[in-house]
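Asks: Input: one structure, supplied below.
The values are calculated or read from the model by the stated rules, or taken from the named source; none is laboratory data. In this text, all values refer to a predicted model and were calculated from it rather than measured experimentally. FYI the Cβ positions are ideal-geometry reconstructions off the backbone, even for glycines, and counts take in every protein chain you see. The area values use the complete protein model at the heavy-atom level, side chains included, leaving out ligands, DNA and RNA. Shrake-Rupley method; radii C 1.70, N 1.55, O 1.52, S 1.80 Å.
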Amino acid sequence: MRYAHLHKHVTTLARTPLIHVHTSPFHALTVLSFLRNNQSRQPHAISFDDWIIVEGIVEVDETVTDFSGELLHIESISALRSRILDGNVTQLDANGEGIIQNEVFFMKHCCETGYIPSVGDFVRVQAIESHQGRLLWRALTVVLLKVAHQGTQPHTSDQDQSTESKRDELVQDKNGIVLSVNKVKFGDLQIGQTKEIVIDVKNFGNTMQLLLRGCFHSKRADSQLTLITPHCDDKFKIYPGQVIKYKFACQARFIGHSSETFVFTFKGFKIGCQFDIEVRDKSLENVHTTQPLNSNKKDLIALQRNVQNSKSYQLIPGCRTIKPPNFVQFRLGLFPVPQRLWNLILSSDGVSKKLIDLEEDINDKLPHLIADLDTYNYTNRFHDLLYLEEIQGNINMRKYDMARVNFRFAGPRGEYLSLEVPGLAERRPSVLVGDSIHAEPLCDDNTKPSTSKINSHFLGVYEGFVHKVLQKEIWVKFHSTFHSKYDMSDYRLTFQFSRTCLRRCHAAVNWAIQRLGQEMLLPNKVAPKTQQLIFEETDKDSTASKSFGQVNNVSKLKRHTLEENRQLVWFNKRLNFYQKEAVKNILKGEARPLPYVIFGPPGTGKTITLVETIMQILHLIPHSRILVATPSNSASNLIAERLVDTGLFLPGQLVRLVSYHLMAEGLLPEKLIPYSTCADITSCDEKTSLEEEPLKLSSNAKTLGRHRVTIGTCTTLGLLHMMGFPHGHFTHVLVDEAGQATEPEILIPLTLVNSKTGQVVLAGDPLQLGPVVLSFIAEKYGLGESYLSRLIHRFPYKRDTIGFPNTNGFDPRLVTKLVMNYRSVPEILNLSDSMFYDSELESQVSQTTGSEAELLASLADILPSRSEDQGPPAIVFQGIRGRNLQEGNCPSWFNPQEVVQTIYYIKKLYAAGLSPDDIGIITPYQRQVQELRSVMSSLSELEALPKIGSVEEFQGQERRVIILSTVRSMVDYVKIDVRHALGFIASPKRLNVALTRAKALLIILGNPHVLGTDPYWRYVLSYCVAHGGYTGCDMPSQFECVDMDSDDSDQNNGLAENNC
């Protein structure tokens, strides 16, 4: 009688790639397959040669005594041991592989995004036990804690301090040889000015000294100094009492401070002479100051205390710009901020708490913000993050409140009240048509009246709505009684934080779990589906292209269904391989309902890919109805224009859903006007000029819902919920620039698709700037991470080069990474590519032929010189040791020296034939933006200005030439920038955006001694030096090539001898 086979659950130890469960072998392919489909359940990412614990089921019979039967099923695989340790990078090779603390092996892809490791960096590493030759640990994640060569002052690491000590010793007189001046200060020179100086080298000793040569030691080929006489290679025997004269000329070329060293090499020793140069420009006289918008810190604190004060007064509503619909299918909830969160953020006296206290309180009172995201805490987590964002928005708006103002009547019939708002042109505050303000009456002593006094005078807090936004003023409408009785009295004015977008986000968060479920929100595996569309790629022209899959007559129905609908004909014949693969993978939909991701680094044509995807879905899936969402109106306009430009869309097929203020302010592109509409709205006025425009003001749900393609911003599309659009009305939701939207924003369009039958596509770059979040706390605890970024950094979307070696490490069922770049010349592209994109991007723009090469050649005179075979550099780092200045209590910074240098380059670029549209100026500080605009506007030779703005304003844009003004020039403030992620310091995503806007030329203005303390900027600086693109002030010692130790006086030691 045979014993029945039994299945036993066992746990055993093993090591990949070959798994042995006692005596039964199990091939590594099975384990890797299990890991690929179940990695989210594993605490660590397991790979070859890792020591693991395998838990599974084996088959046993009467002959088995130790459960060593055939392995039938794997329950789980986990690391045998894991640890977290801090240590230094002790070894590193050219491929980015290295060793930490002489015991942990790591590879470059384990490092945090943008971090380029260097020997000596102090890092924190998460590691698991693994067989790595002589090493027992393999790194999973490496995070930088402190960069090598970093300190609180320039050159303050051990290596730099040693270098400074050697430099100080170098400039000391030795062996009886004395220089007339060891440290030369040229004083303030004007740009272009030349000044000469003579240095005496005298022998005060008793023996002859042999002077072998003198030269400047630096990697840089350019210098402001020149040795006139004698020649650098001239040798002299200097006898006791003899003097040799060296004559130098300094031509002021580089704005700001710089220091250069000339080394006299004697037989057996060296003496250095240090030259300090300060260069100014008359243009600095035009760098003026303006008054800060807010007066002092005490006033701001007082305003913060009044952040909730409007609740104690009667609010008299004003006249809205549009009338609410008479009937709304679904009304948004109010979602007021809970008092518990106000109490959490504000102290008892109404002032914002310190950051360290806030973090302690949040960890204690809001534990769901620090717990792992799951279906149980998902809703509460995002509600609270949105509440924290609203609180910060209200606090920020208090900075713009106006203590005493009066209005003037405006408009054709005097129906508006006009108010001049300081800072309006710079969008500080940002005021849109439809926003509200509150006007509170004042007593004679400039205080607010009591409630009883308000009521006794039939007054109150009046609510007004903005109807027009001009360059420096706004036109407002209050309640009719306010206008009729207004006597030019003064009022206290408070700007109100608009809640509409946040309320739509709250509503979407409420629906998310029910409508989308865990599979879409928190995917942890890929459950393969049958291909939703069977097609055959063909080169023949489509006969049904213009009808998007419609069948013209019954006789063609059968042939159309079986053949023509399966013919994939490309609308855009110029798509590259990766773009086509993305479209085909989306059409297959093998991992639905999981969102498909088009990972599009800068300039790789992600929007073009999305346009082709839309057209193929319409053509091949005739019952489809597509919703296209973006985080911004500019992105919505771009994709709508691209679709309209195909010539295949009539206004009845495509609709651009817009908000009222876009129409009122005339912000729509002309070609989109026939396609644009609002959602069932009418004007507040009896008759408006908008009625004469070809734009359709109102579309009800029945009309709007019939379009095959609907395009709008995520928050504007929230109107579709209010209009009663059913869940599943749209078959496909495509989100462009998905990395720039918060997760609650993305949920607004996503909750309109059926999670079981629909399909979602996300296009964007998770390595570029994420959503703009006002609250630092909300950003830190998850609101600053987009849905796209959250997915792409977690299984099953996370990069796996072992499992998917032929698709850039991504599962093609879920992600396609576009790698062919059509924007930048190779020298510009390779910098960001090596820092952020694993060196996988391929430039399609030539740096030797074509328009970009011609542009660089025309600018050769103003760029650092290189050998002829290299041509002019495409990236220039102009070192400027300038000054950081602030005004009053304004928190923003400006740098006058970088302003002047920027204007110098602008003049040269204009002279070379470039137009303002060819140039962009990026700077991280608003004050620098204002200063650049002010000074440039005052110059008569600059009739038109290029665009000047922050990194956020340039995301998604490109220019032939980009000038990047980094501003920061004081090391003391770097720690503040790191703590608050200000400017470019410790902000790799912001840096990535800035480096990828230029097509032909990128000019960076900055202080290398400050920027070199940041690991990302250290790599940028090294890259520019290595490619001959550095010019300007002296560099930090680790980038200079100064030989201060060697006494081998007959060898040059590979050092450049410049300007001798």
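Asks: Among the residues of segment 168-195, what is the count of those that are part of a strand (DSSP E or B) and either closer than 18 Å to residue 214 by Cβ or acidic (Asp, Glu) (or both)?
Replies: Taking segment 168-195 as the starting set, the residues that turn out to be part of a strand (DSSP E or B) are 174, 177-179, 183-190, 194-195.
In the following step, the residues that additionally are either closer than 18 Å to residue 214 by Cβ or acidic (Asp, Glu) (or both) were identified as 174, 177-179, 183-184, 188.
Of the residues in segment 168-195, 7 are part of a strand (DSSP E or B) and either closer than 18 Å to residue 214 by Cβ or acidic (Asp, Glu) (or both).
Asks: Six or more apart or on different chains, Cβ under 6 Å: which pairs go from a residue in segment 187-203 that's modelled with pLDDT of 90 or more to one that's open to solvent by 40 Å² or more (accessible area, probe 1.4 Å) and of a type in the set (Lys, Arg)? Could you list them?
Replies: Close Cβ pairs satisfying both conditions: 198/245; 198/247; 200/245.
Asks: Could you list, in sequence order, all residues of segment 608-663 that are of a type in the set (Gly, Ala, Ser) and under 17 Å from residue 708 (Cβ atoms)?
Replies: Residues of segment 608-663 that are of a type in the set (Gly, Ala, Ser), as a first pass: 624, 629, 632, 634-636, 640, 647, 652, 659.
Answer for segment 608-663, where residues must be of a type in the set (Gly, Ala, Ser) and under 17 Å from residue 708 (Cβ atoms): 624, 629, 636, 640, 647, 652.
Asks: Turning to a different aspect of this structure: Being open to solvent by 10 Å² or more (accessible area, probe 1.4 Å) and either closer than 21 Å to residue 582 by Cα or assigned to a strand (DSSP E or B) (or both) is the filter here, so list the residues in segment 600-634 that pass it. So that I can check it myself, show each step before the final result.
Replies: So the first thing to find is which residues in segment 600-634 are open to solvent by 10 Å² or more (accessible area, probe 1.4 Å), and the list is 602-603, 605-608, 611, 621-623, 625, 631-634.
Residues satisfying the conditions are 602, 603, 605, 606, 607, 608, 611, 621, 622, 625.
Asks: Please go through segment 471-494 and pick out each residue that is free of Cβ contacts under 8 Å to residues at least 24 places away in the same chain and open to solvent by less than 40 Å² (accessible area, probe 1.4 Å).
Replies: Result: no residue meets the conditions.
Asks: Restricting segment 441-484 to residues that are at pLDDT 80 or above and aromatic (Phe, Trp, Tyr), which is nearest to residue 404 (Cα to Cα)?
Replies: Restricting to residues being at pLDDT 80 or above and aromatic (Phe, Trp, Tyr), the top hit is 462.
Asks: Give the residue, chosen from 672, 643, that is under 26 Å from residue 573 (Cβ atoms), open to solvent by less than 40 Å² (accessible area, probe 1.4 Å), modelled with pLDDT of 80 or more and in contact with a Phe, Trp or Tyr (Cβ under 7 Å, 6 or more places away or on another chain). First the steps, then the outcome.
Replies: Details: 672 fails: in contact with a Phe, Trp or Tyr (Cβ under 7 Å, 6 or more places away or on another chain).
Being under 26 Å from residue 573 (Cβ atoms), open to solvent by less than 40 Å² (accessible area, probe 1.4 Å), modelled with pLDDT of 80 or more and in contact with a Phe, Trp or Tyr (Cβ under 7 Å, 6 or more places away or on another chain) holds for just one of 672, 643, which is 643.
Asks: Also: Given the structure, is residue 731 open to solvent by 10 Å² or more (accessible area, probe 1.4 Å), modelled with pLDDT of 90 or more and not small (Gly, Ala, Ser)?
Replies: Criteria met by residue 731.
Asks: How many residues, within segment 816-836, are in a loop (DSSP other than H, G, I, E, B) and either at pLDDT below 90 or more than 26 Å from residue 581 (Cα to Cα) (or both)?
Replies: Matching residues across segment 816-836 total 0.
Asks: For segment 742-777, what are the residues that are within 29 Å of residue 837 (Cβ to Cβ) and over 16 Å from the mean Cα position of the chain (by Cα)?
Replies: Our first condition is that a residue be within 29 Å of residue 837 (Cβ to Cβ); within segment 742-777, this holds for 742-747, 749-750, 759-773, 776.
Hits for segment 742-777 are 743, 744, 745, 746, 747, 749, 750, 759, 760, 761, 762.
Asks: State whether one or more residues within segment 709-718 are assigned to a helix (DSSP H, G or I), in the same structural domain as residue 610 (by the TED database) and either at pLDDT below 95 or open to solvent by less than 30 Å² (accessible area, probe 1.4 Å) (or both). It would help to see each step written out before you state the result.
Replies: Start the filter on segment 709-718 by keeping residues that are assigned to a helix (DSSP H, G or I), which leaves 718.
Adding the requirement that they be in the same structural domain as residue 610 (by the TED database) leaves 718.
Then drop every residue that is not either at pLDDT below 95 or open to solvent by less than 30 Å² (accessible area, probe 1.4 Å) (or both), which leaves 718.
Yes, some residue in segment 709-718 is assigned to a helix (DSSP H, G or I), in the same structural domain as residue 610 (by the TED database) and either at pLDDT below 95 or open to solvent by less than 30 Å² (accessible area, probe 1.4 Å) (or both).
Asks: Tell me which residues, restricted to segment 926-942, are open to solvent by less than 40 Å² (accessible area, probe 1.4 Å) and outside any helix (DSSP H, G or I).
Replies: 939, 942 - these are the residues of segment 926-942 that are open to solvent by less than 40 Å² (accessible area, probe 1.4 Å) and outside any helix (DSSP H, G or I).
Asks: Of the residues that make up segment 495-516, is at least one outside any loop (DSSP other than H, G, I, E, B) and at pLDDT below 85? Lay out the reasoning, then the answer.
Replies: The initial filter retains those residues of segment 495-516 that are outside any loop (DSSP other than H, G, I, E, B), namely 495, 500-516.
Of the ones still in play, those that are also at pLDDT below 85 are 495.
Checked segment 495-516: at least one residue is outside any loop (DSSP other than H, G, I, E, B) and at pLDDT below 85.
Asks: May I ask you to verify whether residue 268 is surrounded by fewer than 20 Cβ atoms within 10 Å (Cβ to Cβ), within 15 Å of residue 173 (Cα to Cα) and either of a type in the set (Gly, Ala, Ser) or at pLDDT 90 or above (or both)?
Replies: For residue 268, the condition - surrounded by fewer than 20 Cβ atoms within 10 Å (Cβ to Cβ), within 15 Å of residue 173 (Cα to Cα) and either of a type in the set (Gly, Ala, Ser) or at pLDDT 90 or above (or both) - is met.
Asks: In segment 864-884, how many residues are in a loop (DSSP other than H, G, I, E, B) and either open to solvent by 30 Å² or more (accessible area, probe 1.4 Å) or modelled with pLDDT of 90 or more (or both)? Break it down into steps so the answer makes sense when it comes.
Replies: Of segment 864-884, the ones in a loop (DSSP other than H, G, I, E, B) are 864-874, 880, 882-884.
With the extra rule that they be either open to solvent by 30 Å² or more (accessible area, probe 1.4 Å) or modelled with pLDDT of 90 or more (or both), the set shrinks to 865-870, 872-874, 883.
Counting residues in segment 864-884 that are in a loop (DSSP other than H, G, I, E, B) and either open to solvent by 30 Å² or more (accessible area, probe 1.4 Å) or modelled with pLDDT of 90 or more (or both) gives 10.
Asks: Among the residues that make up segment 790-797, is at least one of them modelled with pLDDT of 90 or more, open to solvent by 50 Å² or more (accessible area, probe 1.4 Å) and in a loop (DSSP other than H, G, I, E, B)?
Replies: Scanning segment 790-797, I find no residue that is modelled with pLDDT of 90 or more, open to solvent by 50 Å² or more (accessible area, probe 1.4 Å) and in a loop (DSSP other than H, G, I, E, B), so the answer is no.
Asks: Continuing with this model, one more query. Do you know which of the residues in segment 368-410 that are more than 30 Å from residue 468 (Cα to Cα) and of a type in the set (Asp, Glu) is most open to solvent (accessible area, probe 1.4 Å)?
Replies: 372
Asks: Taking the residues in segment 943-972 that are open to solvent by 40 Å² or more (accessible area, probe 1.4 Å) and among the small types (Gly, Ala, Ser) as candidates, determine which candidate is farthest from residue 740 (Cα to Cα).
Replies: Within segment 943-972, the match that is farthest from residue 740 (Cα to Cα) is 944.
Asks: Also, I was wondering about something else. Just to be sure I understand, how many residues within segment 172-186 are over 25 Å from residue 255 (Cβ atoms) and at pLDDT below 85? Outline the logic, then answer.
Replies: Narrowing segment 172-186 to residues over 25 Å from residue 255 (Cβ atoms): 172-180, 182.
Next, only the ones that are at pLDDT below 85 stay: 182.
Qualifying residue count for the region: 1.
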